[in-house]
1. List every residue pair whose Cβ atoms lie under 7 Å apart, where the two residues are 6 or more positions apart in sequence or sit on different chains, the first residue falls within the stretch 120-138 and is free of Cβ contacts under 8 Å to residues at least 24 places away in the same chain, and the second residue, located anywhere, is assigned to a strand (DSSP E or B).
2. Whether any residue in the stretch 276-289 is at pLDDT 90 or above, under 28 Å from Asn114 (Cβ atoms) and not in a helix (DSSP H, G or I) is what I want to check.
3. Of the residues Arg231, Arg149, only one is closer than 28 Å to Gln18 by Cβ and surrounded by fewer than 20 Cβ atoms within 10 Å (Cβ to Cβ); which?
4. On the given criteria, is Thr295 in a loop (DSSP other than H, G, I, E, B), crowded, with 19+ Cβ neighbours inside 10 Å and at pLDDT 95 or above?
5. For the stretch 152-176, which positions are crowded, with 20+ Cβ neighbours inside 10 Å and assigned to a helix (DSSP H, G or I)?
6. Tell me whether the stretch 195-208 contains one or more residues that are assigned to a helix (DSSP H, G or I) and closer than 24 Å to Ala247 by Cα.
7. Do the conditions hold for Val212, that is, is it surrounded by 15 or more Cβ atoms within 10 Å (Cβ to Cβ) and either under 19 Å from the mean Cα position of the chain (by Cα) or part of a loop (DSSP other than H, G, I, E, B) (or both)?
8. Just checking, which of Ala205, Ala139, Ala167, Ala218 is of a type in the set (A, V, I, L, M, F, W, C) and closer than 23 Å to Phe110 by Cα?
Amino acid sequence: MRWRDRRRSDNIEDRRSQSAGGGFGGGRGMPVRLPGGRGGKLGIVGVLVVIGISLFLGIDPSILLQGGMSGGSMQPPTQQYETVGPESDETAQFVAVVLADTEDSWHQLFEGLNRTYEEPKLVLFSGAVQSACGFAQSAMGPFYCPGDRKVYLDLSFFQELKTRFDAPGDFAQAYVIAHEVGHHVQTLLGISTKVHEQRMRVSEAEGNRLSVRLELQADCFAGVWAFHADRARQILESGDIEEALGAATAIGDDRLQKQATGTVVPDSFTHGTSAQRVRWFKTGFASGSVRDCDTFSAASL
């Protein structure tokens with residue numbers, strides 16, 4: 001990805017020097033045992049699904065874990081944090097550039113929808129972090145919190161993406177950021193709220209199916225961003241799209257469940273299969289149209 005010497009976003013909160021404390025609140029929560037032994041204990045099969053899914057969490061943790069964290073009513077922190085400056089590490093600079101590019105693209109796209117794009121903040125943290133959606137540990141993976149409209153990212157996830165999930169490359173990392181920004185777009189468009197309200201009225205299995213459609217739409221929005229970013233600023237290099245598709249494949253529900261438990265339980269999917277995630281990213285990238293990302297009306301995912 002061609003990203004050097006490009007504009008960096010000012011919407012970065014660098015909390016890596018802050019200490020978020022020691023866990024999920026005195027044992028009150030439901031920490032998940034991740035593949036490889038990280039985390040606490042949780043024995044039910046339904047949450048074993050979250051073992052893998054939470055590594056690439058796309059919706060706020062309190063919704064996905066059904067109250068397993070501190071809850072969604074907590075207020076976001078009020079203290080001021082540093083932005084990413086010239087002295088910061090290269091990966092943080094990369095994140096700031098990608099975020100800036102999503103800002104440029106979505107401002108333009110929202111103008112086409114006769115709307116105003118409100119830029120999200122992106123919080124860099126290390127180990128654990130407090131958000132308006134509750135307390136989260138880095139093992140949860142990147143996530144977006146609609147309560148404070150911020151993306152949360154521990155940069156160590158990128159190393160896991162490369163070594164643990166065999167999905168290397170800077171554009172694989174850019175896809176991760178663009179996916180989370182896609183959830184912010186869903187919040188601004190009112191989609192996330194409608195889906196959450198619907199999930200409260202249906203069975204767990206049906207709620208999971210709604211979650212899959214929400215996540216696949218965020219993948220499609222990531223593809224839409226890639227289309228417009230490359231057309232406007234020629235950011236793509238040879239192999240970049242393959243890197244994004246590799247990441248999408250690596251974090252499919254079916255693959256993560258197979259790795260975690262040795263079995264696949266389709267009714268418990270919350271993010272979509274590897275093939276579905278690839279398909280919807282490619283759909284967004286093929287046309288660059290937000291309207292083509294209507295996963296909720298699609299007869300087949």
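The values are calculated or read from the model by the stated rules, or taken from the named source; none is laboratory data. Because the structure is a prediction, the values reported are computed rather than measured. Every residue, glycine among them, receives a Cβ derived from its backbone with ideal geometry; neighbour counts consider all protein chains shown.
1. Ser138/Ala128
2. The first filter runs over the stretch 276-289 and keeps only residues at pLDDT 90 or above, leaving 276-289.
The next check asks that each one be under 28 Å from Asn114 (Cβ atoms); those that pass are 280-289.
Next, only the ones that are not in a helix (DSSP H, G or I) stay: 288-289.
Yes - at least one qualifying residue is present in the stretch 276-289.
3. On the way: Arg231 fails: closer than 28 Å to Gln18 by Cβ.
Of the residues listed, the single one that is closer than 28 Å to Gln18 by Cβ and surrounded by fewer than 20 Cβ atoms within 10 Å (Cβ to Cβ) is Arg149.
4. Numbers: in a loop (DSSP other than H, G, I, E, B): yes; crowded, with 19+ Cβ neighbours inside 10 Å: yes; at pLDDT 95 or above: yes.
Criteria met by Thr295.
5. Phe157, Phe158, Leu161, Phe171, Ala172, Gln173, Ala174, Tyr175, Val176
6. Step one: filter the stretch 195-208 for residues assigned to a helix (DSSP H, G or I), giving 195-199, 204-208.
Retained after the next criterion (residues that are closer than 24 Å to Ala247 by Cα): 208.
Among the residues of the stretch 195-208, at least one is assigned to a helix (DSSP H, G or I) and closer than 24 Å to Ala247 by Cα, which makes the answer yes.
7. Values: surrounded by 15 or more Cβ atoms within 10 Å (Cβ to Cβ): yes; either under 19 Å from the mean Cα position of the chain (by Cα) or part of a loop (DSSP other than H, G, I, E, B) (or both): yes.
So Val212 passes the test.
8. On the way: Ala205 fails: closer than 23 Å to Phe110 by Cα; Ala139 fails: closer than 23 Å to Phe110 by Cα; Ala167 fails: closer than 23 Å to Phe110 by Cα.
From the options Ala205, Ala139, Ala167, Ala218, the qualifying one is Ala218.
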